[in-house]
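To keep things clear, I will list the structure first and then write my remarks on it.
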């Protein structure tokens, strides 16, 4: 056993971590300060490169300082931004994380750089493709997750992915996990660790306006919806298989009930203003069903420590049942 | 510790079980022979009273013999069948299981009979309502589940329900659970046990035609869909919040792609014939995403024993990670 690890798995051994936890590379929200705080606490933090804004990325890499963090991108968007992946790899990230789209055109570059390739998948079929393309870590993401995702649930997806590719890649569970019970459950399902988005989105270090944080803390897990509405409002051309889970706030309810068609150009300005102003009714907080497990905004290091403590207690209690 | 229990929880203590496992009261598929086999193996078997066919129920209660089994009904349908609940309670079931609809009008009768009331819920709000109505066991069912259900995923729903009502009711996790890893994970999430449908649907004792069993064994978890199509084909008036998960076979794909509207009367006869004939392309097998974890049809007792062994191994391994 690794003396430093509080909960040891293949993932902690491979990345020298104290806990088998990674923070999701959430576009706009996961800046360098959050990623550095997560890594500083013994987990693995990721900067959310998202849609590939070079200026934002440069700033957030600086904010991460000397911390050993990874970086993630939206795969289909990366293809529209030549040079971006090379720039990220030049910074020697702890991992390069690709989600949503065909990673085959990019895998070779990541592998050639000697950087571990994380591939987030939403189905068994995608997991097989990602491992065939050389992914080192598969993040099996259930539909419970906040932000973009697809339809399969975490509970059955994770063990099925483990059975299919666990001999060739590590597997992290994502979607619906925000506390130590979820981490312990993921380990029981055969995962090597977890990726948490919503829980770290609600960290003090996340780039999230107070109004959105407050709305999320007040919400329960029944209060989210998976739609394409925010992407319509932002003018993003997401592939049809992927929708985005957010709080079902008054804005979402208004457009869900709208029979006149998609969110039009006139509404986009108001949406952008709501985001800029932290108006949680004018634009929805981007969180998953695990938001019901988030009781307060906390420093990332406290979140990591608490999740580890809870998971250790759950694991010890489970063994005592037999 | 209960000397007889192989994995002990509040649920095994309350019902005198060796394992914290119940079989789902699947309409048509969960007959008396399956329920009795599950109970005989130290878990808790349920007869699937479903839509309330009195003749079917009488036969299946006889098939259960002297085994201590429970019985389940579709709540909104029960309201259309006066006397049915009384008849079931007169048989002194080990539990009366209600799903899908307002259980308040029925709870008092169950409580007055001294029969434990199981309430299957698909959201936090429903869990609170069910406990307020007197439910003894809450089954928190995620969208992964086969058959009818709703939208929330198992992974976050279960711990949130445990936090909200776990001090007043026991909680079973359902949806996406088909092996011991799932049972162990559910215990980590704070559940007192699990309800498994798909895994027992694929038991030798289930009332399922060989053609449907074969289709399920061949399928993986990517191959299901949650739609209203089978209910349209059967002429059932299900409340809009509930859809049914089945394999996405050629019949489902044909109607998903149909732009002419709902499944019409002309298609209903063909659908009924496909069910009668065990034609797994003419009607879809009713299974959940955990179907990808089901490798073979097996006797129910073997399923219980294997799930327990797997869960004990997982729980022991988890504790060793700390």
Of the residues A:133, A:127, which single one is buried (at least 24 other Cβ atoms within 10 Å of the Cβ) and either more than 15 Å from residue A:70 (Cβ to Cβ) or within 9 Å of chain B (Cβ to nearest Cβ) (or both)?
A:127
Among the residues of the range A:137-188, which ones are in a helix (DSSP H, G or I), surrounded by fewer than 24 Cβ atoms within 10 Å (Cβ to Cβ) and in contact with a strand residue (DSSP E or B) (Cβ under 9 Å, 6 or more places away or on another chain)?
A:162, A:165
Using the structure shown, decide if residue B:97 is buried (at least 21 other Cβ atoms within 10 Å of the Cβ), assigned to a strand (DSSP E or B) and in contact with a strand residue (DSSP E or B) (Cβ under 8 Å, 6 or more places away or on another chain).
yes
Does at least one position in the range B:17-28 carry a residue that is closer than 25 Å to residue B:183 by Cβ and more than 17 Å from the chain's Cα centre (by Cα)?
yes
Looking at (1) more than 18 Å from the chain's Cα centre (by Cα); (2) part of a helix (DSSP H, G or I); (3) surrounded by fewer than 20 Cβ atoms within 10 Å (Cβ to Cβ), which is the one condition that is false for residue A:215?
(3)
Can you name the residue in the range A:189-204 that is crowded, with 24+ Cβ neighbours inside 10 Å and within 16 Å of residue A:36 (Cα to Cα) and, of all such residues, is farthest from the other protein chains (Cβ to nearest Cβ)?
A:203
Take the range B:101-136 and flag every residue that is assigned to a loop (DSSP other than H, G, I, E, B) and more than 20 Å from residue B:177 (Cα to Cα).
B:101, B:102, B:103, B:113, B:114, B:115, B:116, B:133, B:134, B:135, B:136
Members of the range B:243-274 that are in contact (Cβ under 8 Å) with a residue 24 or more places away in the chain and closer than 23 Å to residue B:202 by Cα:
B:243, B:244, B:245, B:246, B:247, B:248, B:249, B:250, B:251, B:252, B:271, B:272
Among the helices (runs of 4 or more DSSP H) lying completely within the range B:219-303, list those that include at least 1 residues that are within 29 Å of residue A:142 (Cα to Cα) and either in contact with a helix residue (DSSP H, G or I) (Cβ under 6 Å, 6 or more places away or on another chain) or within 14 Å of chain A (Cβ to nearest Cβ) (or both).
B:229-234, B:250-256
Only one of (1) out of contact with any strand residue (DSSP E or B) (no Cβ under 8 Å at 6 or more places or on another chain); (2) within 14 Å of chain B (Cβ to nearest Cβ); (3) touching a residue at least 40 places away in the same chain (Cβ under 8 Å); (4) outside any loop (DSSP other than H, G, I, E, B) is not met by residue A:11, so which one is it?
(1)
Positions within the range A:257-278 being surrounded by fewer than 19 Cβ atoms within 10 Å (Cβ to Cβ) and modelled with pLDDT under 90, in sequence order:
A:257, A:258, A:259, A:260, A:261, A:262, A:264, A:265, A:266, A:267
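The values are calculated or read from the model by the stated rules, or taken from the named source; none is laboratory data. Since this is a predicted model, take the numbers as computed values, not measurements. Here Cβ is always computed from backbone atoms with ideal geometry, including for glycine, and neighbour counts include all displayed protein chains.
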